[in-house]
Every structure is written in C-alpha cells, then in structure tokens.
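A short worksheet on the structure shown next.
The values are calculated or read from the model by the stated rules, or taken from the named source; none is laboratory data. Everything numeric here is computed off the predicted structure, so don't read it as measured data. Here the Cβ positions follow ideal geometry from the backbone for every residue, glycine too, while neighbour counts run over all protein chains shown. Calculation scope for accessible area: heavy atoms of the full protein, side chains included, ligands and nucleic acids excluded. Shrake-Rupley method; radii C 1.70, N 1.55, O 1.52, S 1.80 Å.
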Amino acid sequence: MIRLNGVCKSFGNLEVLRDIDLHVAEGEKITIIGPSGSGKSTLIRCINALERPTTGEIFLNGEPLLASNHTQMVRMYCAMVFQQFNLYPHLTALQNITLAPVKLQKKGRAEAEEIAWHYLDVVGLREKAHVYPSTLSGGQQQRIAIARALATRQKILLFDEPTSALDPEMVQEVLDVMIRLSQEFITMIVVTHEMGFAKQVADRVIFLDNGVLVEEAPPGEFFANPKNERTRAFLSKILH
C-alpha cells in the first residue's frame, strides 16, 4: 500500500531524512518511534504530500506520488490526524466531520451526515455533535479529529503523535479509540511516544534516529531483543 525508495529530505543544510526504504502492506499497522528531531513527523508528512522529498520515490497503492498528482493521490488514499487537532473552531463537531466528504468527495449532505454520525459513535462522542471545539476537552477534540479522518474512508490513516498535546488523563481515551481502529482492515502509520500502544497494536515497530531508519521488527522481537546499539540505548532511557 505504501512504498518509499531512497527517500531523503533536507531543509537547507539540515538533512532530516536519509535514504529511507520502507514498505507497508495493506492493512498493516506500523508505529514509528525515536527521539525528538529524528525525522518521524517529516516522514509521514512526506507520505501525505505535506512535504516533498528532496530525492527518492514514494508510491501509494503502486502509483507514484508526483508533484503533478499529489493532491489527487492523497485525497484518494490518505487521511491524517495531527498532534494539535486542527479542528475548525467556527464549525461544530458534526460540521468538522462532514466538511471533507461534502467539499472534496462531493457527497450529498445527508450521506455525509450519516457517515459522520457513524464515526461519532465509533469515537464515543455522539452527544457532542452540535458543540464547538472550544467546549471540548483536548481528548475529545482529538477523538473528533480521528472521526473526521475516518469519515473520508481512506485506505491509509496517518497519525502524527496524536496524544502528545494531551494532558496525561486524556491520553488513554484517545489510545482506546486507536486500539479499536487497529482491529479494522485499515493501513495505519502512527508516530508515537506511547510504547505500550506500540507493543499492543503494531505489526512492526520502526525506530528512526537522526533521520535514519535504524531498526524495524515485530513488537515482541523489537522490545525484547533490539539488535542495534542505538535502539537499545533509546529503549533503556524510556522504558526504565
């Protein structure tokens, strides 16, 4: 479903991604971990065409992601949940969720609202449909943002540290929704600092450090027996 071949990304003289090769199968759940500044967010922003690789190739469902087609391709395959929710403050929760299906996918209002109600149920916030984001907690706003991404019914869901802006007591309510989603046949890439979540839902854990894909393995193997010294050093800091 996703293939990266030799992807590099630089901002001026700063090399943020270095020769990334990554293949993600349809329905696979990938978590990306690593220290701050390691290139994790830039990697998924490249997949979602919010950043263009300096060199290298990205394919979605076997089709190349190009400057000429990236808007169409991303609308066809990807939805993204951001760290800072990015809900439209002047729209209700229901209006936030129906916006993309109506404006981008040209669905009728009734169909878009039917989809939105379904995903409000999925994230457990049906009763908040007609309220504005400013009245919601951070955890509730992020769950609405997840519902908004789901309502596009894309094959690929990208999450950029979806719990890092939340108070600790709100983290679990968002993770619970994502754990339920992980049981669906959706391709998910999640940048996260939540190691328990990575252990529970990932088919593979990927460790990025200094822009390099250092190690990848199933979570049981990755956490129990990391092969690379940089991986071991990172895990020893955050797990103990």
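Sum -39500 (n - 2.57) across every DSSP H segment of at least 4 residues in the chain, then divide by the residue count to get the 222 nm mean residue ellipticity, nearest 500. Present the calculation step by step, with values, prior to reporting the outcome.
On the way: 9 runs with 93 residues, N = 240.
Taken over the chain, the calculation gives -11500 deg cm²/dmol.
Provide the percentage of antiparallel DSSP beta bridges, counting only those with both residues in the stretch 51-192; round to the nearest 5.
Values: 2 of 11 bridges.
Roughly 20 percent of the beta bridges in the stretch 51-192 run antiparallel, per DSSP.
Could you tell me how many cubic angstrom of Cα convex hull volume the stretch 79-125 has per residue? Walk me through the numbers before you get to the answer.
Values: hull volume 4.0 nm³, N = 47.
Hull volume normalised by residue count: 84 Å³.
What Kirkwood radius, in Å to one decimal, follows from the Cα pairs of the stretch 4-158?
Computed over Cα pairs of the stretch 4-158, the Kirkwood hydrodynamic radius comes out at 16.9 Å.
If contacts are Cα pairs under 8 angstrom and at least 6 residues apart, what is the relative contact order of the stretch 102-240 in percent? Each step should come with its number before you reach the end.
Values: 124 pairs, mean separation 21.5, N = 139.
Averaging sequence separation for qualifying contacts and normalising by length gives 15 percent for the stretch 102-240.
With a 1.4 Å probe and all protein chains left in place, how much accessible area per residue does the chain have, in Å²?
Details: 11010 Å² over 240 residues.
Counting only protein heavy atoms, the per-residue value for the chain is 46 Å².
Report the local net charge at THR98: Lys and Arg +1, Asp and Glu -1, summed over other residues whose C-beta lies under 12 Å from its C-beta. Mind showing how you got there, number by number?
Working: positive: LYS103, LYS107, ARG109, ARG148; negative: GLU111, GLU113, GLU114.
Here the count lands on +1.
Amide H to amide H under 5 Å from ALA217: which residues, 5+ apart in sequence or cross-chain, H placed 1.01 Å off N in plane?
The list, which skips near neighbours in sequence, is VAL205.
Residue by residue through the stretch 38-51, what is 3J(HN,Hα) from phi via Karplus (6.51 cos²θ - 1.76 cosθ + 1.60, θ = phi - 60°)? Round to whole Hz and write x for glycine and proline.
For the stretch 38-51, the Karplus curve yields 8, x, 4, 5, 4, 4, 6, 5, 5, 4, 8, 6, 7, 10 Hz.
More than 22 Å apart: what percent of Cα pairs in the stretch 81-216 qualify? Mind showing how you got there, number by number?
On the way: 3413 of 9180 pairs.
Taking all Cα-Cα pairs of the stretch 81-216, the fraction more than 22 Å apart is 37 percent.
Run the accessible area of the chain with a 1.4 Å probe and give the carbon-and-sulfur part as a rounded percent. Write down the numbers at each step before the final one.
On the way: 5350 of 11010 Å².
About 49 percent, which is the carbon plus sulfur part of the accessible surface.
Answer rounded, prolate or oblate for the stretch 124-196, using the Cα gyration tensor with square roots of eigenvalues a ≥ b ≥ c: rounded when a/c is under 1.5, else prolate when a/b is larger than b/c, else oblate. Present the calculation step by step, with values, prior to reporting the outcome.
Working: a/c = 1.92, a/b = 1.19, b/c = 1.62.
In terms of gyration-tensor shape, oblate.
Can you give me the relative contact order of the stretch 27-186 as a percent, contacts being Cα pairs under 8 Å and 6 or more apart?
On the way: 184 pairs, mean separation 46.5, N = 160.
Over the stretch 27-186, the number comes to 29 percent.
Would any residue of the stretch 144-171 have its amide N under 17 Å from a label point 7 Å out along Cα→Cβ of LYS103? List them or say none.
145-153
Calculate, axis by axis, the spread of Cα positions in the stretch 1-61 along the three principal axes, and write the results as whole Å, longest axis first.
Projected onto its principal axes, the Cα set of the stretch 1-61 covers 36, 24, 19 Å.
Stretched out fully, how many nm does the piece from GLU221 to CYS8 gain, at 0.36 nm a residue minus the Cα gap? If you can, show how the numbers build up before the last one.
Numbers: separation 213, 0.36 × 213 = 76.68 nm, distance 2.76 nm.
Length gained, GLU221 through CYS8: 73.9 nm.
What is the set of long-range amide H partners of LYS29 at a cut-off below 5 Å, with H atoms built 1.01 Å from backbone N?
Under 5 Å from the amide H of LYS29 lie the amide H atoms of MET188, ASP203, ARG204, each far enough along the sequence or on another chain.
Check GLN84: other-chain or 5+ apart residues with amide H under 5 Å from its amide H, H built from backbone geometry?
none
Pick out which of ARG45, ARG148, ARG230 has the largest mean-square fluctuation in a Gaussian network model of the chain, springs linking Cα atoms closer than 10 Å.
Of the options given, ARG230 has the highest mean-square fluctuation.
Is any residue of the stretch 140-168 close enough, with backbone N under 15 Å, to a label point placed 7 angstrom from the Cα of GLU111 along the Cα-Cβ axis, and if so, which?
Counting only backbone N, you get 151-154.
LYS199 to THR71: extension gain in nm, 0.36 nm per residue of separation minus the Cα-Cα distance?
Working: separation 128, 0.36 × 128 = 46.08 nm, distance 3.33 nm.
The LYS199-THR71 span can extend by a further 42.8 nm.
Would you mind telling me the antiparallel percentage of the DSSP bridges in the chain, rounded to 5?
On the way: 19 of 36 bridges.
Given both bridge residues lie in the chain, the antiparallel proportion sits at roughly 55 percent.
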